[in-house]
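Only the coordinates and a few stated rules stand behind these numbers; no lab work does. Since this is a predicted model, take the numbers as computed values, not measurements. Methodologically, a virtual Cβ is constructed for each residue, glycine included, from the backbone with ideal geometry; neighbour enumeration extends over all protein chains shown.
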Amino acid sequence: MNFLSGEKKLQTAWKLTSKTLPRGARKPGLYRSRMYPFCLPLEYAAHNLFHGIREDAIDTFQRHSIIWHSSALPGFPSNHLCSSQVLAVNMLFPFIANPDALANALKPHFPDISRMLPVEDERFIAFEWIGKTNYLCEEPKIGESRKRGAGNTSIDAMMAYESISHENVMLFR
């Protein structure tokens, strides 16, 4: 069994026993024209996000026109319980407006953090970040501009800090 197969089994078991999901969310979900036990029914896709960040995360993605990967419903996350994008949002979004907690989580790996720097909307994490400059010279489809999360290379999550030597450092996943 590979890693993804094992995770699908774990996520299916979690879905069936979770006290945080509505009863209807326990049913198999449609994903790319097939029903799977490790996917939420489409109408429960938002429940793939932790309830404490759900509304703010959806609003943030909408405000910045960020595309949710493999989403069947515009403006909502994927219903696939093994979505790496949803994992990144669930793990990092709680830190988006809490620079001290973010710094404390990162300091074991980056001990030179003096303070976290805001990167977007006076917040400390930007998701599906593409920056202002198209360094990779990627061509968007005709008539379209670059989009965060689709059609060009995006950084899953970007944050920045000022080091103890007063250098600005960008971190990304």
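Quick notes on this structure:
- Cα convex hull of the chain, projected area averaged across orientations, nm²: 12.2
- Total lysine pairs in the chain at Cα distances under 29 Å, for residues eight or more apart or on different chains: 9.
- The chain: angle of helix 3-17 to the longest principal axis, Cα-based, in degrees nearest 10: 70
- Backbone phi angles across the stretch 151-166, fed through the Karplus curve with coefficients 6.51, -1.76 and 1.60 (θ = phi - 60°), yield HN-Hα couplings of x, 7, 6, 10, 8, 3, 8, 10, 9, 9, 9, 9, 7, 5, 9, 6 Hz in residue order; Gly and Pro are listed as x.
- 0 to 90° range, to nearest 10: angle between helix 54-63 axis and the chain longest Cα axis: 60
- Charged-residue dipole, Cβ positions (Lys, Arg, Asp, Glu), the chain about Cα centre, Debye nearest 20: 1020
- At R0 = 30 Å, FRET efficiency that the Cβ-Cβ distance of Leu10 and Leu42 yields, to 0.05: 0.85
- For the chain, with +1 on Lys and Arg beta carbons and -1 on Asp and Glu, the positive-most of Thr133, Met170, Ser84 along the dipole: Ser84
- Placing dummy labels 7 Å off each Cα toward the beta-carbon, the span from Glu167 to Tyr135 is 1.5 nm.
- Reciprocal mean inverse distance between Cα atoms of the stretch 96-172 - Kirkwood radius, Å: 13.7
- Whole-Å distance, taken between Cα centres, linking the stretch 71-121 and the stretch 11-70: 18
- Ranking of Leu16, Leu49, Leu117 by count of other Cβ atoms within 10 Å, fewest first: Leu16, Leu117, Leu49
- Sorting the segments 144-153, 69-78, 130-139 by their residues' average number of neighbouring beta-carbon atoms within 10 angstrom, most packed first, yields 69-78, 144-153, 130-139.
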